[in-house]
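Throughout, read-outs are computed from the coordinates displayed, never taken from laboratory work. In this text, all values refer to a predicted model and were calculated from it rather than measured experimentally. Methodologically, a virtual Cβ is constructed for each residue, glycine included, from the backbone with ideal geometry; neighbour enumeration extends over all protein chains shown.
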Amino acid sequence: DFSHSPESLPDLLRLAIDGYDMVVGSRYVAGGQVVGWPWPRKLLSATANWLAHLALGVDIHDCTAGFRCYRRRVLERINLNTIFSSGYS
């Protein structure tokens, strides 16, 4: 849905190459933006991120960000077989 600009991918990959274990492309930091969303969707996204921050105690500005890059060794340490979902996830 182009919530994230494909032009941001080189920056995301550069940070991963620089050694970060996880890089998240956020719409809610300086330089980020949300384009083309109706206000109810923006409100829902902002509320969901705020609730995730409170519930999980994570210092991530955009928990629902679609642009993410993980270092392989980090993912290999997670038992992905225990993670499942029914429906949207």
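Going by how many other beta carbons lie within 10 Å of each one, how would you line up HIS61, HIS4, fewest first?
Values: HIS61 14, HIS4 21.
Ordered from fewest to most neighbouring Cβ atoms within 10 Å, HIS61, HIS4 come out as HIS61, HIS4.
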Subject >> the chain, relative contact order in percent, only Cα pairs under 8 angstrom and at least six apart counted >> reply: 37
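By count of other Cβ within 10 Å, fewest leading, how are ARG72, ARG41 ordered?
On the way: ARG72 8, ARG41 13.
The fewest-first ordering by Cβ neighbours comes to ARG72, ARG41.
Hey, got the dipole for the chain? About the Cα centre, +1 on K and R Cβ, -1 on D and E Cβ, debye to the nearest 20? Don't skip to the end; give the middle numbers.
Values: 9 positive and 8 negative charges, 30 e Å.
Dipole magnitude for the chain comes out near 140 debye.
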**OP:** Using +1 at the Cβ of each Lys and Arg and -1 at the Cβ of each Asp and Glu in segment 4-89, identify which of PRO10, PHE84, LEU44 lies farthest towards the dipole's positive end.
**Re:** PHE84
Original post:
[x] 1.00; [y] 0.97; [z] 1.08: which one is Rg/Rh (Cα atoms, Kirkwood Rh) as calculated from this entry?
Top reply: [y]
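Roughly how big is segment 1-51's charge dipole about its Cα centre, with Cβ charges of +1 (Lys, Arg) and -1 (Asp, Glu), in debye to the nearest 20?
Working: 4 positive and 5 negative charges, 56 e Å.
The calculated dipole for segment 1-51 is roughly 280 debye.
Per DSSP H run of n ≥ 4, the term is -39500 (n - 2.57); total these for the chain, divide by its residue number, and report the mean residue ellipticity at 222 nm rounded to 500 deg cm²/dmol. Walk me through the numbers on the way to the answer.
On the way: 3 runs with 32 residues, N = 89.
One gets -11000 deg cm²/dmol as the mean residue ellipticity at 222 nm.
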Original post:
Stretched out fully, how many nm does the piece from LEU15 to LEU44 gain, at 0.36 nm a residue minus the Cα gap?
Top reply: 7.6 nm
